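Undergrad: Handing you a structure now.
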Amino acid sequence: KIFSHTQNQVKKLKETFTFIQQLDKNMSNLRTWLARIESELSKPVVYDICDDQEIQKRLAEQQVRERKAPIFHHLGF
């Protein structure tokens, strides 16, 4: 009985360890993604011209970026 209990504990520890490793990998990917997004957002927005057509173009570009960002989909944005 003690051996069985010990085996169950070892199994749970291995599962927990695997989960933590995956979590660490996911967090690393998220940090990389966040750094890239922060870098992109820190760049100043420069307009050569400012008319309705340019505004619509920039809006469309932003919407494409948001659709491509997996975190937005995951969080429901």
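Undergrad: Where Rh denotes the Kirkwood radius from the mean inverse Cα pair distance, what is Rg over Rh for the chain?
TA: Values: Rg = 22.7 Å, Rh = 16.7 Å.
Computed over Cα atoms, the ratio is 1.37.
Undergrad: Right, here's the next one. Lys and Arg at +1, Asp and Glu at -1: add these up for the other residues within a Cβ distance under 13 Å of Gln7 and post the number. Before the final figure, lay out the partial values.
TA: Numbers: positive: Lys1, Lys11, Lys12, Lys14; negative: Glu15.
Net of charged neighbours comes to +3.
Undergrad: Hey, another quick one. Kindly express, to the nearest 10 degrees and within the range 0 to 90, the angle between helix 52-68's C-alpha long axis and the longest C-alpha principal axis of the chain.
TA: Between helix and principal axis, roughly 10 degrees.
Undergrad: Let me ask another. Any chance you could give the angle, 0 to 90 degrees and rounded to 10, that helix 2-42 forms with the longest Cα principal axis of the chain?
TA: It is inclined by approximately 10 degrees.
Undergrad: With a ≥ b ≥ c taken as the square roots of the eigenvalues of the C-alpha gyration tensor of the stretch 1-43, please select rounded if a/c is under 1.5 and otherwise prolate if a/b is larger than b/c or oblate if it is not? Show your work: numbers first, answer last.
TA: Working: a/c = 11.40, a/b = 9.13, b/c = 1.25.
Note, shape of the stretch 1-43 comes out prolate.
Undergrad: Just how many pairs of Lys in the chain have C-alpha atoms closer than 30 Å, counting pairs that are eight or more places apart or on different chains?
TA: 11
Quick note: the coordinates plus some simple rules give every number you see, no bench work behind them. Small disclaimer: the values here were computed from a predicted structure and weren't measured. All Cβ positions, glycine included, derive from the backbone under ideal geometry; neighbour counts span all protein chains shown.
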